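Here the structure is laid out as structure tokens; the discussion comes afterwards.
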Amino acid sequence: MSRATPLKRAAVACVLVILAAAVEIAIFHAKGISFQLVDTYFVLDRPVHAQSAAGGMDMAKPAAPQSTSLTLTVDGKATTFSVADLNAMPQKTVKVHNEHTKADETYTGVVLGDLLAKAGFAVSTAAHREMLRSYLQAEGTDQYWVLYSVTEVEGSEHEGDVIVATAMDGKGLGVDGALKLVSSEDKKPQRWVRNLTAITMKMAE
């Protein structure tokens with residue numbers, strides 16, 4: 001019997017890898033775990049929260065419930081802001097480039113640092129050490145969540161702007177809900193949160 005050539009051995013190895021992957025996929029589905037490739041990383045058993053090329057929600061999952069208010073929790077105390085509450089506060093407009101839609105966008109809303117102060121965390125000399133050791137968990141109605149350090153959202157410490165937007169290009173946010181968290185310094189909108197519903201301040205242990 002003739003020896004297998006390196007090309008044939010490589011082909012056999014590829015087939016074995018594909019078969020192994022098929023077995024793993026079958027095991028995932030048998031356990032009720034779904035997955036989808038999103039921006040080169042896997043999301044396992046979690047709602048998919050990714051922008052399509054058209055800028056809408058990924059249609060592989062049902063649309064998330066529309067956000068209508070924001071609950072901001074500081075030191076265990078929750079404060080709820082309606083859209084009307086936010087619109088009554090000083091407004092900030094930021095111009096950003098959305099790498100997913102390949103378009104420049106203009107958002108208007110409230111600076112997150114101002115909301116923290118409204119909820120009870122005002123930056124001061126006494127609170128400076130706590131600020132350096134604290135972070136924010138921001139979550140959408142689809143349970144997608146991201147993290148920011150508190151220094152990233154405080155204007156006295158950081159040049160970039162993080163706002164809770166209520167309008168884009170002078171109009172409503174559409175499918176993104178009534179509220180959307182937007183960062184002006186992130187190169188990609190991976191930490192922008194559509195249908196924003198909750199932000200919780202926590203201290204790193």
>> Net charge within 12 Å of Asp161 by Cβ-Cβ distance, Lys/Arg positive one each and Asp/Glu negative one each, not counting Asp161 itself?
In response: -4
> Contour minus end-to-end for Thr79 and Gln137, with contour as 0.36 nm per residue of separation and end-to-end as the Cα-Cα distance?
Replying inline: 19.4 nm
> How long is the gain from Met89 to Glu159 if the chain were fully straight, where each residue apart is worth 0.36 nm and the alpha carbon distance is subtracted?
Replying inline: 23.1 nm
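With a ≥ b ≥ c the root eigenvalues of the C-alpha gyration tensor of the range 59-116, is it rounded (a/c under 1.5), prolate (a/b larger than b/c) or oblate? Don't skip to the answer; put the middle values down first.
On the way: a/c = 2.19, a/b = 1.31, b/c = 1.68.
In terms of gyration-tensor shape, oblate.
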>> Using a Förster radius of 35 Å, what is the FRET efficiency between Ala204 and Ser69 based on their Cβ-Cβ separation? Nearest 0.05, please.
In response: 0.80
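Throughout, read-outs are computed from the coordinates displayed, never taken from laboratory work. Because the structure is a prediction, the values reported are computed rather than measured. With ideal geometry, Cβ positions are generated from the backbone for all residues, glycine too; neighbour counts draw on all protein chains shown.
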